[in-house]
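Data first, discussion second: the structure below is written as structure tokens.
The values are calculated or read from the model by the stated rules, or taken from the named source; none is laboratory data. Everything quoted here is computed from the prediction, not taken from an experiment. Reconstructed Cβ throughout: ideal geometry from the backbone, glycine too, with neighbour counts over all protein chains shown.
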Amino acid sequence: MKNDRSKLSDFAPTRRQLLGFGLVAVGAGAFNVVPGFELLASAQAAVPAAAQKIADHFSSVKSMSGEFVQFGPKGEQTGGKFFLERPGKIRFNYDGASNFKVISDGKSVVILNKKMNTSDLYPLSKTPLKLLLDDRIDLSGDRVKSVKEEDDLTTIQLSDKSVFGNARITMMFDPKTYDLRQWTITDAQGKDTTVMIFNTKEGVSFAPDTFAIDYTANRELNTKTR
């Protein structure tokens, strides 16, 4: 897909769209990733070996950086850069004057809006990002809702009520390179947010404060906005 930065640079995502990055909610209309899944017959149905191999490969990627484009439920677009380090750490720096950031330090996820001087903190353990950032993506048990294998794409859909209620995450991989191409998070209301990643680099090192969360500042901001 061609990257059109002219459409992305000034877009300021709403809180729901930011949450869609990994806390609740993709433009399913644009990608049609939910319909047509091959549902597993039961919670104990065997996961295809190729799907588990792909998941294991992605789990073996301990650090990664790159660019992203996000598509909201109404087709809204924004983008920026991301940084990932297992287990549990990720950072999204959004483009534009809004200066949005989403950071997970392995324990919590914070959404920062420096322009509006707001900050929202959530436990990582209760978000779909937890499944994406675990040391190993385990496809056993009843978390796997569907697996679809095609010549150019392998799609795996996961859900875990104990982690994030009725929300679900759908990951799409290249079946040849096993690279993650995009993920979709569907919230409890059925609204989708899709994140596509590109220009990725693996095995990168980050500064010690890349995934740091200032809990003191976060408490002060939350107190001011109540």
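Against the list (1) under 23 Å from Ser108 (Cβ atoms); (2) modelled with pLDDT of 90 or more; (3) crowded, with 20+ Cβ neighbours inside 10 Å; (4) hydrophobic (A, V, I, L, M, F, W, C), the condition Phe173 fails is (1).
Output the residues belonging to the stretch 88-106 that are among the charged types (D, E, K, R) and touching a Gly at 6+ places or on another chain (Cβ under 7 Å). Of everything in the stretch 88-106, those that are among the charged types (D, E, K, R) and touching a Gly at 6+ places or on another chain (Cβ under 7 Å) turn out to be Lys89, Asp95. The single condition among (1) outside any strand (DSSP E or B); (2) under 14 Å from the mean Cα position of the chain (by Cα); (3) not hydroxyl-bearing (Ser, Thr, Tyr) that Ile111 does not meet is (1). A single member of Ser119, Ser125, Ser146, Ser104 is touching a Phe, Trp or Tyr at 6+ places or on another chain (Cβ under 8 Å), closer than 19 Å to Ala212 by Cα and of a type in the set (Gly, Ala, Ser), and it is Ser104. Just one of the listed residues (Asp209, Asp134, Asp105) is within 25 Å of Val47 (Cβ to Cβ) and among the acidic types (Asp, Glu), and it is Asp134.
In the stretch 81-127, of all residues being more than 19 Å from Ile197 (Cα to Cα) and of a type in the set (A, V, I, L, M), the one that is surrounded by the most Cβ atoms within 10 Å (Cβ to Cβ) corresponds to Val109.
Among the criteria (1) surrounded by 18 or more Cβ atoms within 10 Å (Cβ to Cβ); (2) not in a helix (DSSP H, G or I), the one Lys130 does not fulfil is (2).
Within the stretch 143-161, being of a type in the set (A, V, I, L, M) and surrounded by fewer than 20 Cβ atoms within 10 Å (Cβ to Cβ) holds for one residue alone: Leu153. Restricting attention to the stretch 152-178, the residues that are under 15 Å from the mean Cα position of the chain (by Cα) and either closer than 15 Å to Lys53 by Cβ or outside any loop (DSSP other than H, G, I, E, B) (or both) add up to 12. Of Thr184, Thr223, all but one fail to be within 26 Å of Lys107 (Cα to Cα) and either assigned to a strand (DSSP E or B) or modelled with pLDDT of 90 or more (or both); the exception is Thr184.
Residues in the stretch 187-199 that are under 15 Å from the mean Cα position of the chain (by Cα) and part of a strand (DSSP E or B): Asp192, Thr193, Thr194, Val195, Met196, Ile197, Phe198.
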